[in-house]
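The values are calculated or read from the model by the stated rules, or taken from the named source; none is laboratory data. Source: prediction; values computed, not measured. Cβ: placed from backbone, ideal geometry, glycine included. Neighbour counts: every protein chain shown. Heavy atoms of the whole protein, side chains included, go into the accessibility calculation; ligands, DNA and RNA do not. Shrake-Rupley method; radii C 1.70, N 1.55, O 1.52, S 1.80 Å.
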Amino acid sequence: MELMSKMMTIKNYINGEFVNPTQDNWLDNYNPSNGEIYGQIPNSTQDDVENAYQAAAKAFLSWSNTTLEERSNILSKIADLILQKIDFLAAAESKDNGKPILLAKQVDIPRAASNFQFFANAITQFSSESHESVGFNAMNFTLRQPIGVVGCISPWNLPLYLFTWKIAPAIAAGNCLVAKPSEITPMTAYLLGEICNEAGLPKGVLNIVHGLGTSTGQAIVTHPKIKAISFTGGTKTGAQIAKIAAPMFKKLSLELGGKNPNIIFADGDYDKMLTTTVRSSFSNQGQICLCGSRILVEESIYEKFKFDFIQKVSELKVGNPSSLDTNIGALVSAAHLQKVKSYIDIAENEGGKILFGGDSVTVKNFENGYYLQPTIIEVSDNNCRLNQEEIFGPVVTLMSFKTDEEALFLANDVKYGLSATLWTNNLNRTMQFSKQLQAGIVWVNTWMLRDLRTPFGGAKDSGVGREGGFEALRFFTEPKNICIQYESPS
Ligand code: NAD
C-alpha cells in the first residue's frame, strides 16, 4: 500500500472484510504536519455498528471455544507481523498523528506488538480460584467466561498503542469486538485489520468501525447487546459514557484524563531527573495522559532547576515529524492546537509568567502544520486553571515548595489522580509519598517505565478500573461461582 503520496480511503473492517459505510457518508482525515486532507474515513452510523455487532455475535460461539493455544498463536502472529511492518506502521502513525517518526518507531509500534505478545502469553497463565466450603461437603470454583461482544473505544494520542492495549486482552479472553479508534487518527487501526487477516484471526472476532464519537461511539455505547465498554479518552466523555452505560448495567473500564505532578526534591539524582523531566514534559508534544504537566520543585534548587530546564528545553527541535532529528512534531489537529494555545493566552491573567515558548512555530515547507513551541509557565497559585485543568499539549507549569507536607498537598490538590513522579533518594520520603499520593501509578526516580503485568489506571476523576496484566483479563471475563455439594464419605 502506497502511504505517502496518494489519498487514502479508510474502510470499516467488518467480518474480516473492508466495507464502505452503509450511508456512504465520509469524513476528511488530516495530516497534522501540513494541515492537508490526505484521506477519508467512514462516518459510520448505528447501522454500521449493528452490522459489526452481528458479525461479532456470529463469531463468538466458535471463538470463545478455541483453545488457549490457538488464541495465543494467533495473537503472537499478529505481534510478529506488526514488528515485520514496523517501518510502514511507524510512518503511517507519524503521518496521521503528527508525532515524530522516531517516537512512533521506538515506542508506539513496538508497544502495539508487545501488547499482543504479552496477552498471547498471559492468557496461557490466567487461572481462577477455588474455595472449599469445609464442613458443608461443598466445593466452589470460579469459571471465568468471556463476556460476549464487547466495545473498545480509544483516543488519538497513542493510536495503535492504546487501541491494541484494549483489543489484545479482549480477544485473548475469548470475546468478539466492536472497536472504534479515534476519528482523528484512524489509520493504523485500519492497517491492523489487514494484519489480523494475514495472521488468520477468524472473521468477525475483531470488527473496526470508524466515525465520530458522538455518533459511531455513541452507537457502540448504547447498543443493548454490547455488555462491556472499555474506554480511554477525556474525563468529560467518560462521564457521558458512564451516564448511558450505568442504567444499562454494562461493565465499564474508564481510563481518563490526568494532571500529573512531577515532584522534585533536592536529594535526587539531578542529571537523570533533568533529562527525564524534559521527556516527561514534552514527549509526543505533551500529549500523553501520563506526562508530568505540573512540575513542583523544592525551593533550595528551584532557581538552578529553572535555569537548566529552560536551557535543555531550548535545545529541542520542533519540526516536520518525518525528519529523524525532530524532537517535537505537530499537534494532532487545528482544533487541539487552538485549545492548547487558549491556555497559554490566559497565563498572565491567571498569574502565570511564560518562561519559555508560548508561540506557534512555522516549519519551512510545512507552513500549515500545527506546530507549537514547548512552553514553560511559572505559576504561584495551585488553584489557577493552568494547574487544575488538563491542557494535553507541550505546556508545563513550574512551582516551588518548601516542605514535604506542602509538596504532598500541592500534588494531591487536583481532581485528577492518574500518575505522579517523585525524585528523591530518601527512603522514608519515598514510602510516605508513595502511600499518600492520590494516583493510580507512582514512578520514583523514573517516568513511564511500564511493566505490562502491573495494574494501569487512575484514581479520582482519572478513571474507574484498571487495565494491564490479569486485571485486563479479569475485566474482559465474567466470573461465575459454581458450587458443588457432594455426599459425605460414609
Ligand atoms: P475523547 O474523549 O474526545 O475521545 C476518545 C474516544 O472516544 C474517541 O474515539 C472518540 O471518538 C470517542 N468518543 C467521543 N465522544 C464519545 C461519546 N459520547 N460516546 C462514545 N465515544 C465517544 O478523547 P481524545 O481527545 O481522543 O483523547 C484525549 C484524552 O484522552 C485526554 O483527556 C487524555 O488524558 C485521555 N487519555 C487517557 C489515557 C489513560 O490511560 N488514562 C490514555 C490516553 C489518553
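Tabulated data
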quantity: Hits in the stretch 230-261 (condition: more than 8 Å from the ligand (Cβ to nearest atom) and touching a Cys at 6+ places or on another chain (Cβ under 9 Å)); calculated: Ser230, Asn260
quantity: Flag if Lys225 is open to solvent by 10 Å² or more (accessible area, probe 1.4 Å), in contact with a strand residue (DSSP E or B) (Cβ under 7 Å, 6 or more places away or on another chain), part of a loop (DSSP other than H, G, I, E, B) and more than 12 Å from the ligand (Cβ to nearest atom); calculated: yes
quantity: Qualifying residue in the stretch 340-361 (condition: touching a helix residue (DSSP H, G or I) at 6+ places or on another chain (Cβ under 7 Å), within 16 Å of the ligand (Cβ to nearest atom) and modelled with pLDDT of 95 or more); calculated: yes
quantity: Test: residue in the stretch 264-283 that is modelled with pLDDT of 95 or more, touching a Ser or Thr at 6+ places or on another chain (Cβ under 6 Å) and near the ligand (Cβ under 10 Å from one of its atoms); calculated: no
quantity: Enumeration of residues in the stretch 141-163 that are farther than 17 Å from Lys250 by Cβ and away from the ligand (no atom under 13 Å from the Cβ); calculated: Phe141, Thr142, Leu143, Arg144
quantity: Hey, Ala330 within 23 Å of the chain's Cα centre (by Cα), more than 15 Å from the ligand (Cβ to nearest atom) and in a loop (DSSP other than H, G, I, E, B) or not; calculated: yes
quantity: Residue pairs meeting the criteria (Cβ under 7 Å; at least 6 apart or on separate chains; first closer than 13 Å to Ile153 by Cα, in the stretch 229-251; second in a helix (DSSP H, G or I) and open to solvent by 30 Å² or more (accessible area, probe 1.4 Å)); calculated: Thr237/Gly213
quantity: Residues satisfying the stated conditions in the stretch 168-214, i.e. under 17 Å from the mean Cα position of the chain (by Cα) and within 13 Å of the ligand (Cβ to nearest atom); calculated: Ala179, Lys180, Pro181, Ser182, Glu183, Ile184, Thr185, Pro186, Ala189, Gly213
quantity: Residue count for the stretch 48-106, restricted to those that are of a type in the set (Lys, Arg) and under 20 Å from the mean Cα position of the chain (by Cα); calculated: 3
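Conditions (1) in a loop (DSSP other than H, G, I, E, B); (2) over 18 Å from Ser280 (Cβ atoms), marked per residue:
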residue: Gln338; (1), (2): no, yes
residue: Tyr343; (1), (2): no, yes
residue: Glu348; (1), (2): yes, yes
residue: Tyr370; (1), (2): yes, yes
residue: Ile377; (1), (2): no, no
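Residues checked against (1) buried (at least 22 other Cβ atoms within 10 Å of the Cβ); (2) closer than 19 Å to Pro261 by Cα; (3) in contact with a Phe, Trp or Tyr (Cβ under 9 Å, 6 or more places away or on another chain):
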position: Ser323; (1), (2), (3): no, no, no
position: Ala334; (1), (2), (3): no, no, yes
position: Asp345; (1), (2), (3): no, no, no
position: Glu348; (1), (2), (3): no, no, no
position: Gly352; (1), (2), (3): yes, yes, no
position: Lys364; (1), (2), (3): no, no, no
position: Glu378; (1), (2), (3): no, yes, no
